[in-house]
Amino acid sequence: MDRLPLFVEPVPLDLAWKDPGANLDAMEAEIRRRLAAAPEVPPESVLFLFPEMTLTGFVTKDPHAYAVEPPAPPVAALRALARRLRTGIAAGFPEVNREDRRKPLNTLAVVAPDGEIAGLYRKTHLFTWGAEPESACYAAGESGTLFDYRGWKVGLAICFDVRFSALFHAYAKAGADLVLVSSNWVGGPHKTYQYRTLCSAHAILTQAFVAAVNRAGRDPAWEYDGSSYVFAPTGEDIYKGSPCRLDPAVIAAVRKMAVRVADRPITVSDFR
């Protein structure tokens, strides 16, 4: 299938704490505002990328109390929103874990304009810092996910994943054209620089577009910078504050240097 036109729009919301209804309302307001500001762009060709745990914020105290299972009401409302506005939405939520209901999954879903879930990913690298670390109260997913979206091969990643290159190597080998990174990347010294640099590097190394968004504002524990990027496979940030069209010709040009097939496992030995 040929790649259809695809625009990506990262949206760094200041999430309402533990309030799916308020966050869904804020998502709708932002999508409507941004579509109205770019009337020349067909809504069905836009994919809006929202921060990690979009429906609840980054809940780490008793997160199972807020976990949902598609098609539970908040997820049904998310699907209805995409269908009503005829646009694509990537958003996250704590998902019920059937293996251990005390430890939900940190899930990112991509909903197509028809309201169907096109792709679903459970975070594989859980944040290990803080008084109530994510790694203690969530279960890790087992693999990446790659799916077709308007003829583009799309992979998903969540926040702390960007510190671990194996996931992105796997996406490269699988032929990903675009990787979406949804985050609650906490603030602190050098953190904005680190997030930007890692996401840019992954675009270069995977020879794919990487769109990344961090939430804005603060929750009860952390502050966030509200950053948003769309990195071309060259590593350049091409996001200018409006729906960013992805150019297949850029991918083709970069992939003339066939580095993906050269990747191989490396072991480390002590020098004696």
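What follows draws every value from the coordinates through simple rules; no lab data is involved. Quantities reported herein were computed from a predicted structural model and do not represent experimental measurements. Every residue, glycine as well, gets a Cβ built from its backbone with ideal geometry; the counts of neighbours run over all protein chains shown.
Hey, among A172, A166, which residue is without any contact (Cβ under 8 Å) to a residue 24 or more places away in the chain, of a type in the set (A, V, I, L, M, F, W, C) and assigned to a helix (DSSP H, G or I)?
After applying the criteria, what remains is A166.
Return yes or no: is D225 touching a helix residue (DSSP H, G or I) at 6+ places or on another chain (Cβ under 6 Å), at negative phi, surrounded by fewer than 23 Cβ atoms within 10 Å (Cβ to Cβ) and among the charged types (D, E, K, R)?
Details: touching a helix residue (DSSP H, G or I) at 6+ places or on another chain (Cβ under 6 Å): yes; at negative phi: yes; surrounded by fewer than 23 Cβ atoms within 10 Å (Cβ to Cβ): yes; among the charged types (D, E, K, R): yes.
The answer is yes for D225.
Residues being outside any loop (DSSP other than H, G, I, E, B), out of contact with any Asp or Glu (no Cβ under 8 Å at 6 or more places or on another chain) and crowded, with 18+ Cβ neighbours inside 10 Å: count how many of those fall in region 138-156.
The total comes to 4.
Quick one: in region 93-114, of everything that is within 18 Å of the chain's Cα centre (by Cα) and without any contact (Cβ under 8 Å) to a residue 40 or more places away in the chain, which residue is surrounded by the most Cβ atoms within 10 Å (Cβ to Cβ)?
Once the filter is applied, the top-ranked residue is T107.
Just checking, how many residues over region 41-55 are surrounded by 22 or more Cβ atoms within 10 Å (Cβ to Cβ) and either closer than 12 Å to I31 by Cβ or in contact with a helix residue (DSSP H, G or I) (Cβ under 7 Å, 6 or more places away or on another chain) (or both)? Talk me through it step by step, then tell me what you get.
Within region 41-55, the first condition is being surrounded by 22 or more Cβ atoms within 10 Å (Cβ to Cβ), and the residues that meet it are 46-55.
Of the ones still in play, those that are also either closer than 12 Å to I31 by Cβ or in contact with a helix residue (DSSP H, G or I) (Cβ under 7 Å, 6 or more places away or on another chain) (or both) are 46-50, 52, 54-55.
Qualifying residue count, region 41-55: 8.
Considering only region 228-272, state which residues are within 19 Å of the chain's Cα centre (by Cα), part of a loop (DSSP other than H, G, I, E, B) and either on the phi > 0 side of the Ramachandran plot or not basic (K, R) (or both).
Result: A232, P233, G235, E236, I238, Y239, G241, S242, P243, L246.
Of all residues being aromatic (F, W, Y) and part of a loop (DSSP other than H, G, I, E, B) in region 1-57, which is farthest from the chain's Cα centre (by Cα)? Just the residue, please.
W17
Look at T60 and say whether it is out of contact with any strand residue (DSSP E or B) (no Cβ under 9 Å at 6 or more places or on another chain), of a type outside the set (D, E, K, R) and either part of a loop (DSSP other than H, G, I, E, B) or closer than 23 Å to A216 by Cα (or both).
Values: out of contact with any strand residue (DSSP E or B) (no Cβ under 9 Å at 6 or more places or on another chain): yes; of a type outside the set (D, E, K, R): yes; either part of a loop (DSSP other than H, G, I, E, B) or closer than 23 Å to A216 by Cα (or both): yes.
Taking the combined requirement at face value, the residue satisfies it.
Please work out if D247 is without any contact (Cβ under 8 Å) to a residue 40 or more places away in the chain, of a type outside the set (A, V, I, L, M, F, W, C) and surrounded by 10 or more Cβ atoms within 10 Å (Cβ to Cβ).
yes
Does region 212-220 contain any residue that is more than 16 Å from the chain's Cα centre (by Cα) and among the β-branched types (V, I, T)?
Scanning region 212-220 turns up no residue that is more than 16 Å from the chain's Cα centre (by Cα) and among the β-branched types (V, I, T).
Scan region 101-131 residue by residue and report those that are of a type in the set (D, E, K, R), under 19 Å from P51 (Cβ atoms) and in a loop (DSSP other than H, G, I, E, B).
Residue satisfying the conditions is K123 alone.
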